[in-house]
Amino acid sequence: MRIAFIILAHKQPAQLHRLLTKLQHPGIDCFVHIDAKCNIEDYAAALALPQVYTVTPRVDVTWAGWGIVQATLNGMEATRNSGNSYTYITMLSGQDYVIKTADHIWQTLTQPNKKQYIGLITEEELKPMMSKVDNYHLVEYNFPGKFKFASLLTKILPARKPPFGLKIHSGSAWWTLTQDCVNYLLDYIRERPKLVRYFKLTWGSDEFIFQTILMSSPYKEAVTGYDLHYIDWGKDRAKGQNHPKTLGLEDVDKMLQSDRLVARKFEMDKDPGLLDKIDTELKRLFS
């Protein structure tokens, strides 16, 4: 049995290399998308590791834009086209790091289980975020006055409504889904260009599109409402916290005591001893 990781990276090649070495296992494949803005030669050492595959085509990713979703879809397609069968596929970024050993992660995600691990916020938490989908957003465009123009579009055009009678749901952009669920999402989106057009004008579509589809799908009852990442969002994400805490040495004990498999986010160049500390503790805990 095998599991896979899709990893989106846009900086810190050495940190990505370190993450990939920690995921090396006979039953684990990693599919890595390097932002098209990056010089891929900088990532040559990481991409040359065993069971690491480069996702193509590469996408120029803009934060909160559709490009993140497209890069994710390209990674999902790569897992399907690999010819391998995976019990679970997990979405990561290059700034994530393992907080369990590769063998523990493999054993956990190859157990018979149909749960779909994806974050889901409540309707109350969603309310203050609905302007991200109700208003027009031109995240992928870059021209003077684009924010005023988007505001004008919101005022003069008909109200934006999700197509196909879908109800908007939201949650984390990070997830662990079964292979058949990933294939379902790929097919659903591919067959509905209107859905793509809608989410291309959404702010942060990667935190909406998959939850919205799954909560109107046969997988609805299997959605856990949480993912397998340890993330510190602070006291209340719904109050406008768009970025999680960059984890430090003070967080090691708490993250390792959690039941999560990976954590984010890390800045190896700013805190070089942190990942060493995690590795040392994992060796002690799993020896």
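The values are calculated or read from the model by the stated rules, or taken from the named source; none is laboratory data. If you're wondering where the values come from, they're calculated on a predicted model, not measured in any experiment. Glycine gets a Cβ as well: all are built from the backbone with ideal geometry, and neighbour counts include every protein chain shown.
Restricting to the range 74-86, what's the tally of residues that are touching a residue at least 40 places away in the same chain (Cβ under 8 Å) and surrounded by fewer than 21 Cβ atoms within 10 Å (Cβ to Cβ)? The qualifying residues number 7.
Tell me which residues, restricted to the range 82-116, are in a strand (DSSP E or B) and in contact with a helix residue (DSSP H, G or I) (Cβ under 8 Å, 6 or more places away or on another chain). Walk me through how you get there before you give the answer.
Going through the range 82-116, the residues in a strand (DSSP E or B) turn out to be 86-93, 97-98, 116.
Those that are in a strand (DSSP E or B) and in contact with a helix residue (DSSP H, G or I) (Cβ under 8 Å, 6 or more places away or on another chain): Y86, T87, Y88, I89, T90, M91, L92, Y97, V98, Q116.
If the condition is being touching an Asp or Glu at 6+ places or on another chain (Cβ under 9 Å), buried (at least 22 other Cβ atoms within 10 Å of the Cβ) and without any contact (Cβ under 8 Å) to a residue 60 or more places away in the chain, then the range 6-51 contributes only I34. Here the range 155-206 is the region considered, the condition is being in contact (Cβ under 8 Å) with a residue 60 or more places away in the chain and of a type in the set (D, E, K, R), and the residue that is nearest to V139 (Cα to Cα) is K200.
Taking the range 237-259, which residues are under 22 Å from G204 (Cβ atoms) and either crowded, with 16+ Cβ neighbours inside 10 Å or at pLDDT below 90 (or both)? Break it down into steps so the answer makes sense when it comes.
So in the range 237-259, the residues under 22 Å from G204 (Cβ atoms) come out as 237-247.
Across the range 237-259, the qualifying residues are R237, A238, K239, G240, Q241, N242, H243, P244, L247.
Name the residue that is surrounded by the most Cβ atoms within 10 Å (Cβ to Cβ), counting only residues in the range 117-149 that are assigned to a loop (DSSP other than H, G, I, E, B) and hydrophobic (A, V, I, L, M, F, W, C). Full working, then the answer.
Initially, the range 117-149 is screened for residues assigned to a loop (DSSP other than H, G, I, E, B), giving 120-122, 130, 135-145.
From what is left, the residues that are hydrophobic (A, V, I, L, M, F, W, C) are 120-121, 130, 138-139, 143.
On the way: L120: 18, I121: 18, M130: 11, L138: 16, V139: 20, F143: 7.
Once the filter is applied, the top-ranked residue is V139.
Let's see how each residue does on (1) surrounded by fewer than 23 Cβ atoms within 10 Å (Cβ to Cβ); (2) of a type in the set (S, T, Y); (3) under 18 Å from the mean Cα position of the chain (by Cα):
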site: G65; (1), (2), (3): yes, no, yes
site: Q70; (1), (2), (3): yes, no, yes
site: G94; (1), (2), (3): no, no, yes
site: N113; (1), (2), (3): yes, no, no
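Just to verify a result, which residue in the range 211-221, among those that are more than 15 Å from the chain's Cα centre (by Cα) and not hydroxyl-bearing (S, T, Y), is farthest from G75 (Cα to Cα)? My answer is E221. Scan the range 187-210 residue by residue and report those that are part of a helix (DSSP H, G or I) and more than 15 Å from the chain's Cα centre (by Cα). Answer for the range 187-210, where residues must be part of a helix (DSSP H, G or I) and more than 15 Å from the chain's Cα centre (by Cα): D187, Y188, I189, R190, P193, K194, L195, V196, R197, Y198, F199, K200.
With respect to A4, is the statement that it is outside any helix (DSSP H, G or I), at positive phi, of a type outside the set (D, E) and in contact with a Phe, Trp or Tyr (Cβ under 9 Å, 6 or more places away or on another chain) true?
Numbers: outside any helix (DSSP H, G or I): yes; at positive phi: no; of a type outside the set (D, E): yes; in contact with a Phe, Trp or Tyr (Cβ under 9 Å, 6 or more places away or on another chain): yes.
Spelling it out, it is not the case that A4 is outside any helix (DSSP H, G or I), at positive phi, of a type outside the set (D, E) and in contact with a Phe, Trp or Tyr (Cβ under 9 Å, 6 or more places away or on another chain).
The residue that is modelled with the lowest pLDDT, among those in the range 218-236 that are out of contact with any strand residue (DSSP E or B) (no Cβ under 7 Å at 6 or more places or on another chain) and more than 21 Å from S205 (Cβ to Cβ), is D236. As a summary of the residue check, I213 satisfies the conditions (1) in a loop (DSSP other than H, G, I, E, B); (2) crowded, with 17+ Cβ neighbours inside 10 Å except for the one numbered (1).
Test T56 against the criterion of being buried (at least 24 other Cβ atoms within 10 Å of the Cβ) and not acidic (D, E), and give yes or no. No; evaluated as a whole, the condition is false for this residue.
Using the structure shown, decide if K220 is closer than 30 Å to K167 by Cβ, loosely packed, with under 14 Cβ neighbours inside 10 Å, without any contact (Cβ under 8 Å) to a residue 24 or more places away in the chain and not polar (S, T, N, Q).
Details: closer than 30 Å to K167 by Cβ: yes; loosely packed, with under 14 Cβ neighbours inside 10 Å: yes; without any contact (Cβ under 8 Å) to a residue 24 or more places away in the chain: yes; not polar (S, T, N, Q): yes.
Taking the combined requirement at face value, the residue satisfies it.
Please find, among D253, D271, D279, the residue that is of a type in the set (D, E, K, R) and closer than 18 Å to L23 by Cβ. On inspection, the qualifying residue turns out to be D279.
One residue is enough: does the range 63-73 have a residue meeting the conditions within 23 Å of R192 (Cα to Cα), in contact (Cβ under 8 Å) with a residue 24 or more places away in the chain, part of a loop (DSSP other than H, G, I, E, B) and hydrophobic (A, V, I, L, M, F, W, C)? It would help to see each step written out before you state the result.
Filtering the range 63-73 for residues within 23 Å of R192 (Cα to Cα) gives 64-73.
Applying the additional criterion that residues be in contact (Cβ under 8 Å) with a residue 24 or more places away in the chain yields 64-69, 71-73.
If we keep only those that are part of a loop (DSSP other than H, G, I, E, B) as well, we get 64-65.
In the following step, the residues that additionally are hydrophobic (A, V, I, L, M, F, W, C) were identified as 64.
Checked against the condition, which is being within 23 Å of R192 (Cα to Cα), in contact (Cβ under 8 Å) with a residue 24 or more places away in the chain, part of a loop (DSSP other than H, G, I, E, B) and hydrophobic (A, V, I, L, M, F, W, C), the range 63-73 yields at least one hit.
Within the range 100-111, no residue that is on the phi > 0 side of the Ramachandran plot sits with its Cβ atom under 8 Å from a residue that is in a helix (DSSP H, G or I) and hydrophobic (A, V, I, L, M, F, W, C) at 6+ positions apart or across chains.
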